[in-house]
Structure formats: C-alpha cells, structure tokens
Amino acid sequence: MEMVLLTALGVGGATVIGAGIGFAFKNLSHKFSDVVLAFAAGVMLAAAVLGLIIPSVEYGGKFGLLITVLGIFVGAVCLNLTDKLVPHLHGLMGEKEEKHRGNERLNKVMLFVIAIAIHNLPEGIAAGVGFGTGNTGEAFLIASGIALQNIPEGMVIIAPMLAEGVSKKRTFLYASITGLIEVVGTLIGYFAVRLASAILPFALAFAGGTMLYVISDEMIPETHAHGSERGATYALLFGFCLMLAFDILLG
C-alpha cells in the first residue's frame with residue numbers, strides 16, 4: 001500500500017513539477033509545446049499498450065481478447081460521454097472552445113481546468129489498476145509513463161491561464177488540483193481491482209481504452225494543429241521507443 005501511495009503522489013506531483021518549470025519558461029513556442037506533448041503522447045501510448053492492454057489479454061484467459069476489446073471500447077465511450085456532458089474547453093492548450101452544456105455559466109479558466117481534470121482522472125485510474133496485476137515492473141512502467149507525460153503537460157498548461165489574467169498563485173493552485181485528481185484516480189483504480197480481482201482484465205483494458213482515447217482525441221490533434229506535425233510525429237515515436245526500452249529492461 002505504501003508503494004501505491006508513493007506512486008500516486010509521484011504521478012500527481014509530476015504535474016506540479018511541470019507547472020513549476022512552466023513558470024520558468026512562460027513563453028513556450030507552439031513548436032516546442034507540440035514536440036513535448038507529442039513525446040508525452042508516445043510515452044502514454046506505450047504505457048497503455050505494453051502495461052495495460054497486452055496484460056489484459058494475458059490475464060483474461062480463454063476470452064482474453066474479447067474482454068480486452070470490450071474494455072477498450074467501453075473505456076473510450078465512457079470518456080467520450082464525459083467529454084460531451086461535462087462543460088470544458090477542448091484541447092490541452094485551452095484554445096478550442098466547443099459548445100458544451102453549461103459552458104455559459106463557467107469562465108474560460110474553469111473550463112480549461114475541468115478539461116485537464118477529465119484528462120487526468122483516467123490516467124490516475126490506469127496507474128492504480130496497474131498494481132492489480134501484482135507485477136511491480138508493469139505497474140511502474142504505467143506509472144512512470146504517466147508521470148513522464150505529466151511533466152510536459154504541466155509545463156504547457158501554465159501559459160493559457162496566465163494569459164487569461166489568472167494570478168501566479170491561483171495558476172499554481174489550479175495546476176496542483178489537477179495533479180491531486182490524478183492521485184485520487186490512482187487510489188480509485190487500485191482499490192477497485194483489489195476489491196474485485198475478477199474484473200482485472202476488463203479494468204486493465206478499460207484504463208487502456210481511456211488512455212488511447214485521450215491520445216487520439218486530445219494530444220495528437222493538439223500537436224498537429226500548428227504546423228509542427230513532422231517533428232511531433234518523430235517525438236511521439238521517440239517517446240514510444242523510450243518506454244519500449246524501459247519495458248524490456250524492467251522485464
């Protein structure tokens with residue numbers, strides 16, 4: 001349990017560390033942000049496939065593939081419904097304002113913070129679920145992948161809030177809250193599979209599906225929206241290969 005708590009704090013704390021770096025480099029170019037976020041997407045992609053989806057098939061037994069496919073789609077659909085029902089800004093940089101029920105009642109900064117929260121909760125759940133396999137190497141692969149991508153994400157969320165006139169103290173507070181949500185998500189995922197180990201294969205695939213949804217729906221479109229798609233593509237591949245190497249070394 002102590003290991004889970006430390007991991008949860010590490011995953012959530014990575015966002016805060018990134019936010020601290022973001023204060024030091026407030027005027028990040030779109031090209032730099034896109035490349036860094038694409039690297040994070042590659043890390044997340046590897047963590048989702050190697051740490052969640054493949055183990056889901058392995059732990060699912062005779063019906064492993066069916067359970068995994070079902071879990072992936074249920075996870076993606078759940079996040080899609082959340083995306084539609086909860087008012088927020090679309091896009092990690094907070095630039096794409098879409099029509100969501102309730103948007104008119106919340107200011108732009110709060111919508112942006114909610115968007116990051118929607119993004120972070122399933123990541124935390126994924127980190128917690130990873131410990132349900134009993135394979136510490138796989139669990140740390142997932143957690144380290146999420147933490148690695150949280151640092152650049154924390155960096156790039158600072159500038160939009162400062163641009164909206166939010167004070168440095170409030171900006172840091174909001175960034176810390178998004179990190180805390182990831183801590184809560186980690187504990188939810190861990191206790192869910194501990195209480196009902198039979199759902200482990202489905203839970204792994206569900207968490208993997210939510211991560212794949214975030215990568216495809218949020219991260220890749222964001223990194224390809226400002227003319228840096230070639231650099232972003234190679235950064236994604238580098239992030240993926242880095243996590244692949246970690247998986248082999250930990251294995």
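The values are calculated or read from the model by the stated rules, or taken from the named source; none is laboratory data. Predicted model, so just to flag it, every value in this text is computed and none were measured. Glycine also receives a Cβ, built like all others from the backbone with ideal geometry; neighbour counts cover every protein chain displayed. Surface areas here come from the heavy atoms of the whole protein model, side chains and all, with no ligands, DNA or RNA. Shrake-Rupley method; radii C 1.70, N 1.55, O 1.52, S 1.80 Å.
Would you check which residues across segment 123-141 are modelled with pLDDT under 80 and not charged (D, E, K, R) and list them?
Passing the criteria: G130, F131, G132, T133, G134, N135, T136, G137, A139, F140, L141.
Filter segment 4-32 down to residues that are at pLDDT below 80, surrounded by 15 or more Cβ atoms within 10 Å (Cβ to Cβ) and polar (S, T, N, Q), then give me how many there are.
Looking only at that region, the number is 1.
For segment 33-47, enumerate the residues that are of a type in the set (F, W, Y) and open to solvent by less than 10 Å² (accessible area, probe 1.4 Å).
Matches in segment 33-47: none.
Can you give me the ranges of the helices (runs of 4 or more DSSP H) entirely in segment 111-229 with at least 2 residues that are within 30 Å of E58 (Cβ to Cβ)?
Fully inside segment 111-229 and qualifying: 136-156, 168-195, 200-214.
For V113, are the conditions met, namely being modelled with pLDDT under 85 and in contact with a Leu (Cβ under 6 Å, 6 or more places away or on another chain)?
no
Say we look at segment 216-226 and pick out the residues that are touching a residue at least 40 places away in the same chain (Cβ under 8 Å) and surrounded by fewer than 16 Cβ atoms within 10 Å (Cβ to Cβ); which of these is nearest to the chain's Cα centre (by Cα)?
Here the answer is P221.
I'm trying to understand the selection: among the residues of segment 165-177, which are open to solvent by 30 Å² or more (accessible area, probe 1.4 Å) and in contact (Cβ under 8 Å) with a residue 40 or more places away in the chain?
K168, F172, S176, I177
Looking only at residues that are small (G, A, S) and more than 17 Å from the chain's Cα centre (by Cα) in segment 148-164, which one is least open to solvent (accessible area, probe 1.4 Å)?
Going through the qualifying residues, I end up with A159.
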